[in-house]
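Accompanying notes for the structure given below.
The values are calculated or read from the model by the stated rules, or taken from the named source; none is laboratory data. Just so it is clear, the model here is predicted, and its values are computed rather than measured. Here Cβ is always computed from backbone atoms with ideal geometry, including for glycine, and neighbour counts include all displayed protein chains. The protein model used for the area step is the full one, side chains on, heavy atoms only, and it has no ligands, DNA or RNA in it. Shrake-Rupley method; radii C 1.70, N 1.55, O 1.52, S 1.80 Å.
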Amino acid sequence: MSKQISAGEPISSPPTASVEGFDCLAELALDLRWSWNHATDNVWRQLDPALWDLTQNPWVVLQTVSKDKLRSALANAAFRKTIDDLRQAKHQEAETPAWFQKNHPQSPLTCVAYFSMEYMLSEALPIYSGGLGNVAGDQLKAASDLGVPVVGVGLLYQQGYFRQVIDKDGAQQALYPYNDPGQLPITPLRQPNGEWLRLEISLPGYSVWLRAWQVQVGRVKLYLLDSNDAANFPAHRGITSELYGGGPELRLKQEMLLGIGGWRLLVALGIKPDVCHLNEGHAAFAVLERARDFMKESGQPFDAALASTRVGNLFTTHTAVAAGFDLFTPALIEQYLGRYAKEKLGITLHDLLALGRQNPNDASEDFNMAYLAIRGSGSVNGVSRLHGKVSRHLFQPLFPHWPAEEVPVGHVTNGVHMPTWDSAAADELWTKACGKNRWLGMAKNLDQDIRRVSDADLWQFRMASSRLLIDYARDRLARHFAAAGESPETVEWAKHLFDPNVLTLGFARRFATYKRPNLLLHDPARLLRLLSNRERPVQLLIAGKAHPADTAGQALIQKWVRFIRQTDVRPHAVFLSDYDMQLTERLVQGVDIWLNTPRRPWEACGTSGMKVQVNGGLNFSELDGWWAEAYAPDLGWVLGDGKEHGDDPAWDAAEAGMLYDLLEHEVIPEFYARDGQGIPKAWVARMRESMARLTPGFSADRTVREYTEQHYLPAATAVHSRVANKGASGRQLIDWRHNLDQKWAGIRFGEMKVENKGGQHIYNVQVYLNDLDPKTVRVELYADSVNGGSPERQEMKNVRPLVGATGGFDYSAAVPGARSPGNYTPRVIPYWDGVVIPLESSRILWQR
């Protein structure tokens, strides 16, 4: 950090901090690398095995262990050598060139700032809700593995997301335990004089002070802001109290702190990112603050500053329905950002609101954070192939008259950080077959290597994984029963529940109606018959939370719990409450089948099924999200017909029937069809192919490499060019766009001729450009895509000016004659070197 701001001592030092050698242990405990590299696990287990197993939090172990215990451990030469070796390995890894350094040694990319509302890194740092945080945490970890220069920016929540308790009526109750910063693996950021780094953010009539924290994630640093500063009024201290809590006003304040405060934190740290990656629209205010920062540096007005910096911004949308976007009323935007727009950005409230509206002149239209993110970015992507297509339709209103296929939204399919989600047994199996460095971006032939594992070894591995999951489920359920005051007999019964030799289905996710968590419960009697079949029994593990404001989702949970509590169901199904990261790990590592039943196409990607693959589990899912591009008949099972049916109860009933039929006639029989050694040959063959073909392709290291090569590197090059010479090219771009706006309405087509010659269609069309320089537009032929291919675009050549016509030109192009001449239509679109069309200018004129 160029400003010499550094991570200070933890917020509270335990009495053991005075013990010689404590600092070495603290260095290891405060680097979340331990959450996926388990080399240090035995260290914490030696200090307090019970607490380590319960919390998986090394910093809590260090906070809690006695001085005597710590002195005794550190006096042991073998233990001390282990610590020294672990520290040396950590430092050596940090200094060793990784994938990025080896493959892009002369890269213009020096820093990516990754903004996200939540991060799922470890249960020791509970600042996540679900899928969005999962993606953010896994991508930070993969960036560390690959050496990609990323810093994360987020918020530190005093209570995080809620914890779940199921009451005696089967209803969800929400609890909000306090996140004590002293027990979290974080450190405050301090000035060179030791003062805590604090930022002041102006809100209407008052200022909010933000404290800054650092989380070490291997090679990557994550910076967090929180408002729980003593200088703030009590109400303002609670701005960062809950993740996704409160109403629109609190959400707006949180998003201002994340976007505006987050960018100011980077400035205070002396960090100048080339690329700003917005993980969802929550952080879109960062594009405004980045432009403001460049205004101060260059002297350019806001429009030119935004044009200069936006090509360095990337917006990743995770939303599959318009209702999922954050919307704020014009009055709320005026209250909280009107002064910021006028005094900091030098623009009117109308101009600010226009950035978040489809129709800038509709005074009643709400401000859409996704629209702001699009208008402030140089690239936009969805998180699966299908989601990219869905998003193009969602955002088409921002690009009127453009075909949906050309709406500027691509896709980078999510992946999961395999070292985080694989079990110890899976890690051992993969390491033996493919090597320890298989997820570091440079391994090849993983599919061939894992295919060499024998049927016996694969099945033995799966059975061991199943036993571990059943042991964990029994222990967790018994503890929950004991805590709830159940009888000793019930607690003891839980300790013997389930059989590791029985087919285990897992279903765990957020309970929301579009995810259809009760599709499997559509016919309770038929489900019970499947579960309780004496010859081929099935056992079911269910987990999940519904947002405290989602009464429909909570009702789905209650329906499941009441079903499971029936006497004849209890031996075959369990609802494990308080779904969190630790429970997720255990489930994905041990289930045989992972069920996923969303209503297509509302699952943007989904990552839980990806975690199962590395552990040898199989997927049975709706053809939605990632599974729509991953599925093949020999890899798992599919639900539905690959079409959209909307919220149709009749279709839900039909799919529930398909679900039961496939389970009864395909899935369950294949699991129980054994050879002479007791191995289900067909099942193991499916496991092997799923592991070989899907695990490498849906890993976070692949995702981060794609982001780096398809987005980060091009964005860094583009933004360096735009901001050069104090943003001169950004100013020129604005002048070009203003000229287009003034003259576009006067552009028109004249006569067009088409002739067939030598198997080609030859098009000649007259275009009158209304005094626009022909170099500022592009005339081309366009034809819609055929059979799922890409649309055809053929640039037309400016052959000659039209005699006697001011601004009139004759354009010509030839295309293959395979398609009818009527399939092709001339059009005029803007053109400027380096400008992304239609993202930065959506003008378009069709000949017909």
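Considering segment 217-230, the residues that are out of contact with any Ser or Thr (no Cβ under 8 Å at 6 or more places or on another chain) and part of a strand (DSSP E or B) include one that is nearest to residue 326 (Cα to Cα), namely 224.
For segment 690-742, the candidate set comprises residues that are charged (D, E, K, R) and farther than 18 Å from residue 143 by Cα; within that set, the residue that is least open to solvent (accessible area, probe 1.4 Å) is 722. Among the residues of segment 82-125, the one identified as basic (Lys, Arg) and open to solvent by less than 50 Å² (accessible area, probe 1.4 Å) is 90. Selection within segment 22-59: residues that are among the aliphatic types (A, V, I, L, M) and open to solvent by 20 Å² or more (accessible area, probe 1.4 Å). The member of this set that is farthest from residue 217 (Cα to Cα) is 50.
If you go through segment 126-166 and keep only what is within 24 Å of residue 53 (Cβ to Cβ), hydrophobic (A, V, I, L, M, F, W, C) and open to solvent by 10 Å² or more (accessible area, probe 1.4 Å), you end up with 165, 166.
Does segment 406-421 contain at least one residue that is at pLDDT 95 or above, within 29 Å of the chain's Cα centre (by Cα) and open to solvent by 50 Å² or more (accessible area, probe 1.4 Å)?
yes
Checked against the criterion of being under 30 Å from residue 247 (Cβ atoms), open to solvent by 50 Å² or more (accessible area, probe 1.4 Å), hydrophobic (A, V, I, L, M, F, W, C) and without any contact (Cβ under 8 Å) to a residue 40 or more places away in the chain, the candidates 555, 483 yield just one match: 555.
Restricting the search to helices (runs of 4 or more DSSP H) fully inside segment 454-567 and requiring at least 1 residues that are over 31 Å from the mean Cα position of the chain (by Cα) and over 30 Å from residue 53 (Cα atoms) gives 455-483, 524-531, 551-564. The residues of segment 795-836 that are open to solvent by 20 Å² or more (accessible area, probe 1.4 Å), in contact (Cβ under 8 Å) with a residue 24 or more places away in the chain, part of a loop (DSSP other than H, G, I, E, B) and under 23 Å from residue 784 (Cβ atoms), listed by number, are 817, 819, 831, 836. Name the single residue that is nearest to residue 34 (Cα to Cα) among those in segment 186-203 being of a type in the set (A, V, I, L, M, F, W, C) and assigned to a loop (DSSP other than H, G, I, E, B). Restricting to residues being of a type in the set (A, V, I, L, M, F, W, C) and assigned to a loop (DSSP other than H, G, I, E, B), the top hit is 186. Of the strands (runs of 3 or more DSSP E) lying entirely inside segment 115-185, those containing at least 1 residues that are among the β-branched types (Val, Ile, Thr) span 150-155, 163-166.
Hey, does segment 606-624 have a residue that's of a type in the set (Gly, Ala, Ser), farther than 23 Å from residue 131 by Cα and open to solvent by 10 Å² or more (accessible area, probe 1.4 Å)? Taking every residue of segment 606-624 in turn, none turns out to be of a type in the set (Gly, Ala, Ser), farther than 23 Å from residue 131 by Cα and open to solvent by 10 Å² or more (accessible area, probe 1.4 Å).
The residues of segment 413-443 that are in a loop (DSSP other than H, G, I, E, B) and either farther than 25 Å from residue 94 by Cβ or among the hydroxyl-bearing types (Ser, Thr, Tyr) (or both), listed by number, are 413, 414, 423.
The residues of segment 259-279 that are open to solvent by 20 Å² or more (accessible area, probe 1.4 Å) and in contact (Cβ under 8 Å) with a residue 40 or more places away in the chain, listed by number, are 264, 268, 270, 271, 272.
If a residue has to be farther than 18 Å from residue 345 by Cβ, touching a Lys or Arg at 6+ places or on another chain (Cβ under 9 Å) and assigned to a helix (DSSP H, G or I) to count, how many in segment 231-285 make the cut? Residues meeting the conditions: 4. Screening residue 99 with (1) farther than 30 Å from residue 545 by Cα; (2) under 20 Å from the mean Cα position of the chain (by Cα) gives one miss only, at (2). Residue check: residue 745 meets all listed conditions (1) under 15 Å from residue 835 (Cβ atoms); (2) of a type in the set (Gly, Ala, Ser); (3) at pLDDT 95 or above but one, namely (1). With respect to residue 172, determine if the residue is in contact with a strand residue (DSSP E or B) (Cβ under 9 Å, 6 or more places away or on another chain) and open to solvent by less than 20 Å² (accessible area, probe 1.4 Å). Judged against the criteria, residue 172 is a match.
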